[in-house]
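Novice: This is the structure, below, for whatever I ask next.
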Amino acid sequence: MTPVLAPFLDPIAFAIVGGGTLAAAILRTPLRDLIRGIGALGTLFTPRFQAEPLLEQIAAFGRIARRHGVMALDKSVIADPDMAAAVAAIVDGASPEEVAELLRQRHRARTERAIAACELWSAAADTAPAMGMVGTLIGLVGMFVKMQDPSAIGAAMAVALLATLYGALLANLVLAPIAARLRRRARDEAVERLRLDAPLIALATREQPRAAHLAEVA
């Protein structure tokens, strides 16, 4: 620990701010959203979602369907869950309208999950400064209680001042940037995923006459 940073380190102030922020996040957030919000941190270190590989795969599916029929797509390996659900619906004979509605529902669910994750970190960023003020009040109370012991005033004053500092730094340098990056990545992914809708619906449209013919024969 360098002498320069030593005056700015106080475990009590950090425990008040960090522990209070964590407790508030746990109390105000449903467990499912809390787990999703923490898990969303992993996406910050992964490449951004790109629709190009999936568009190429959809084009390949179209060629396979023309040559061997749409049932041949049933054995395809699709890593993306949204596209896998849409292709499975097309194989089952879903109409273009049904495929479009399925994609809308999955987009809506994905957006709601992203919003919940962003709200967790945004709320934590709003809470951290308030916890800093709580720490400041606790430190001031400690100072007034120990006015008769000058040697103990310094520790209480350190808690009072550093708690506010920790709250501001935690909110503006950690929590708020996380929320902003998650929001930006979710927005970019949503825009990219919209590019998949038209070719998937087109695939369903192309296969619809064939599905109708098979139904008439059956």
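Novice: Treating the angle as unsigned and between 0 and 90°, give the value, to the nearest 10°, between the Cα long axis of helix 81-91 and the longest Cα principal axis of the chain.
Specialist: Approximately 20 degrees, to the nearest 10.
Novice: Need the full-extension length gain, residue 112 to residue 197, defined as separation in residues times 0.36 nm minus the C-alpha distance. One decimal, nm.
Specialist: 28.7 nm
Novice: Something else now. Based on the alpha-carbon set only, what is the convex hull volume of the range 115-162 divided per residue, in Å³?
Specialist: Here the figure is 48 Å³ per residue.
Novice: Eigenvalues of the Cα gyration tensor times 5, then square-rooted: what semi-axes does that give for the range 145-212, in whole angstrom, largest first?
Specialist: Value: 63, 10, 5 Å, ordered largest first.
Novice: How far, in nm, would the chain grow between residue 165 and residue 141 when pulled straight, counting 0.36 nm per residue and subtracting the alpha carbon separation?
Specialist: Full-extension gain reported as 6.9 nm.
Novice: Where the centroid of each part is defined by its Cα atoms, how far is the range 165-184 from the range 1-79 in Å?
Specialist: 17 Å
Novice: Can you list, bin by bin at 5 Å, the percent of alpha carbon pairs in the range 35-150, starting at 0?
Specialist: Computed distribution, short to long bins: 2, 9, 12, 14, 12, 9, 8, 7, 5, 4, 4, 3, 3, 3, 2, 2, 1, 0, 0.
Novice: Test of understanding: what is the full-extension gain from residue 50 to residue 181, defined as 0.36 nm times their sequence separation minus their Cα-Cα distance?
Specialist: Residue separation times 0.36 nm, minus the Cα-Cα distance, leaves 45.5 nm.
Novice: So if R0 is 45 Å, what FRET efficiency would residue 28 and residue 157 give, r being the distance between their Cβ atoms, rounded to the nearest 0.05?
Specialist: Computed FRET efficiency for residue 28 and residue 157: 0.90.
Novice: Let me ask something additional. Using the crude model of +1 on Lys and Arg Cβ and -1 on Asp and Glu Cβ, and no other charge, please compute the dipole size for the chain relative to its Cα centre, in debye to 20.
Specialist: The calculated dipole for the chain is roughly 240 debye.
Novice: Could you work out how far apart the two model spin labels at residue 68 and residue 14 are, taking each label as a point 7 Å from the Cα in the direction of the beta carbon, and quote it in nm?
Specialist: 5.8 nm
Novice: Right, here's the next one. Can you tell me the orientation of helix 96-145 relative to the chain, as the angle in degrees between its alpha-carbon axis and the longest Cα principal axis, to the nearest 10?
Specialist: The two axes meet at around 0 degrees.
Novice: Moving on. Once you have the Kirkwood Rh of the range 87-218 from its Cα pairs, apply Stokes-Einstein at 25 °C and 0.890 mPa s and quote D in µm²/s.
Specialist: Answer, rounded: 127 µm²/s.
Novice: Put +1 on the Cβ of every Lys and Arg and -1 on every Asp and Glu Cβ in the range 68-155; which of 128, 83, 118 then has its Cα farthest towards the positive end of the dipole?
Specialist: Towards the positive end, the residue furthest out is 128.
Novice: Okay, moving on. What nm distance separates the two modelled labels at residue 149 and residue 206, each placed 7 Å from Cα along Cα→Cβ?
Specialist: 8.1 nm
Novice: Highest mean first, how do 133-141, 102-110, 46-54 rank when packing is the count of other Cβ atoms within 10 Å averaged over residues?
Specialist: Descending mean neighbour count gives 133-141, 102-110, 46-54.
Every number in this text was worked out from the coordinates using simple rules, so none of it is lab data. It should be emphasised that the depicted structure is a prediction, and the values quoted were computed from it without experimental measurement. Methodologically, a virtual Cβ is constructed for each residue, glycine included, from the backbone with ideal geometry; neighbour enumeration extends over all protein chains shown.
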